Amino acid sequence: MSKMSSNPTTTETGGGESGSSSEYEFIENSKKLPPPSALPVFNSEPTLATLEEIKTTTSCPPLKSTPNKSVKDGNVEEDEDNLSSFGFGWMSASSSGGLLSKMAEKTKSSFETVITTLDPQMKDYLSGKNNIPFSPAEVVVASDQKFNVTPVSNAFRSIFGTKTAVYGLPSKTESIAEQPVGFAAGRQGAKERMNSLSSDADVKLSLENFLLEVGEDTWVEMIVLILLNSKLDITVTTYSQPVYVDVRFVDVAKEATLESYPKKWSGLQKSIASVIGEHFGSPHQDWYAHVTGGTTREEILFLASETLAKMYKKVLCERVEHV
């Protein structure tokens, strides 16, 4: 028993002696090693070359700008430039381009059409014609011929409203020939016709056709229009556009004028309208259409009357401004 128990002890002792011997040898060997060299020194700051290398090796390509998008609260939002290409831009372009104003104007026009259809008198209120100061309630024309009164009436009603009454009365001249020649004779004839009216209306209008020689064997006919407002002491005068008259017709009218004609100093005894009317076999008031190729005397008289009405309106407005 004692012999068997001594073996493990011997074995453990032998192993301990071997481990001690190995440790001793390692320590002894380590003492024989040369001392370590000095530790390397590291620079805390990189050199310039290193910085350049860093810039070269770590630089990234520039990012593409996206001006039409911005990030806010984690959501991508489109800016005004991007929105302008969609709904809001369309509305802005439509507004600036006049589309909305055109739509509003069309709606207004449709509304006014309905109103004026139901009540024609509303046309003057919507157009503002009833707001013209001293707008004439009536205009008396120094002529009872329809082809004279109708164009004047249409022109004045278009400027001053449909409530303006325009009618004609017979008139005559005292010292002026049947066919006046020259500006002076034409104006005098219109004044005499106005003075012959038996009306006490405040606004009177007179007109007279007259011939004018504008060159050698070159003649034209014009219409002088004179408006008189005796109450406001206003006189307005204008002329129609000239209409060419063939010298042959003038020669016929001259031959029909007697030497003893007392008004020969102011013109001819026979009107040029009657001479041309006889030549074409049509009423004398329609000869303008034959000469001009379709423009009637009423159309020319309407334009002249409209001009006169606008001139008269301008004077009335100026009177109010100075009051």
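Computed from the coordinates by the stated procedures, all read-outs in this text should not be read as laboratory data. Because the structure is a prediction, the values reported are computed rather than measured. Reconstructed Cβ throughout: ideal geometry from the backbone, glycine too, with neighbour counts over all protein chains shown.
One table, with the values for the structure above:
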read-out	value
Output for the range 266-288, where each listed residue is touching a residue at least 24 places away in the same chain (Cβ under 8 Å) and under 17 Å from residue 181 (Cβ atoms)	266, 267, 268, 269, 270, 271, 272, 273, 275, 276
Filter result for the condition that a residue is within 16 Å of residue 226 (Cα to Cα), part of a helix (DSSP H, G or I) and among the hydrophobic types (A, V, I, L, M, F, W, C), over 140, 152	152
Matching entry among 243, 247 (being farther than 26 Å from residue 199 by Cα, in contact (Cβ under 8 Å) with a residue 40 or more places away in the chain and either touching an Asp or Glu at 6+ places or on another chain (Cβ under 7 Å) or crowded, with 20+ Cβ neighbours inside 10 Å (or both))	243
Residue 291, sole failed condition from (1) more than 45 Å from the chain's Cα centre (by Cα); (2) touching a residue at least 40 places away in the same chain (Cβ under 8 Å); (3) assigned to a helix (DSSP H, G or I)	(1)
Filter result for residue 303 (closer than 18 Å to residue 224 by Cα, touching a residue at least 40 places away in the same chain (Cβ under 8 Å), of a type outside the set (Ser, Thr, Tyr) and touching an Asp or Glu at 6+ places or on another chain (Cβ under 9 Å))	no
Residue satisfying condition, being under 17 Å from residue 292 (Cα atoms) and of a type in the set (D, E, K, R), within set 246, 217, 251	246
Residue check, residue 301 crowded, with 17+ Cβ neighbours inside 10 Å and either assigned to a helix (DSSP H, G or I) or β-branched (Val, Ile, Thr) (or both)	yes
Subset tally (residues that are closer than 15 Å to residue 209 by Cα and surrounded by fewer than 20 Cβ atoms within 10 Å (Cβ to Cβ)) for the range 150-174	1
